[in-house]
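Nothing in this text is a laboratory measurement; each read-out follows from the coordinates by a stated rule. Predicted, not measured: the structure shown is a model, and the values here were computed from it. Here Cβ is always computed from backbone atoms with ideal geometry, including for glycine, and neighbour counts include all displayed protein chains.
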Amino acid sequence: MSPQAVVGRQEGSSPVVVANVITGVVEVVCRFDHALRISKHAPLGASGRLRRGRRLGQVTYDDRVLAPAEGDDWLALTSEPLAPEHALAWVDRPSCGAVACFVGVVRDNAEGHTGVTEIDYQAYTSQVLPRFEAMAATARGRWPELGRLVAWHRVGRLALGEASVVVVVSTPHRAESFEACRYLIDTVKATAPIWKHETWEGGTDWSLAAHPIEPPPGAEQA
């Protein structure tokens, strides 16, 4: 399934009004943008050395990259490279003795294809962060002891071995850390409107592993 089937994607800069089958409303959807930097708090940037930020004592690993000034959820959709080590550093808290991390990377095979050389991730950008926020809120309801939480996803063209998604959580004990991390990555895969366009030796096409996008957590109670 391609994103055209879900949101009526159109090449070019002109917006197109489509029926948004994800949320059940009609809204304006613009073209997908590989240069985007969207974050609940601040955009991600290229990886660099971890150091103290110049403002508000925030942790930064690039002049453009600041961790949240407040709150314990760092949620982002970005075209910049992901740096899992900095997510691991950010979730560290004195009260938490366990950290669980999942990093998804581009591999050289996909359903129906071998010799994959790159994946172009495309997203329905206005819907991604609201769904990340919903899953974070649900996770905190299920595991009140959660310390900090990171959920980042890349868009754009990624080469073999590049990180496409990072999920990290900190908790007092290992059991809830494993459970929460597994819940978050599974929910990202099920509910985030992000698609893969794969390139392999001899061809290119949308991923055969695509599935219908599920409602965000809590939608059934809305």
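The table below lists the values:
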| read-out | value |
| --- | --- |
| Sequence-separation-based contact order of the stretch 90-201, relative, with Cα cut under 8 Å and 6+ spacing, percent | 45 |
| Protection proxy ranking, peptides 161-169, 146-154, average beta carbon neighbours within 10 Å, highest first | 146-154, 161-169 |
| Size of the stretch 133-182 as Cα extents on the principal axes (Å, biggest first) | 37, 22, 14 |
| Simple Cβ-charge dipole of the stretch 71-211, Lys/Arg +1 and Asp/Glu -1, about Cα centre, in debye nearest 20 | 400 |
| Dipole magnitude (debye, nearest 20) for the stretch 118-188, charges at Cβ of Lys, Arg, Asp, Glu | 140 |
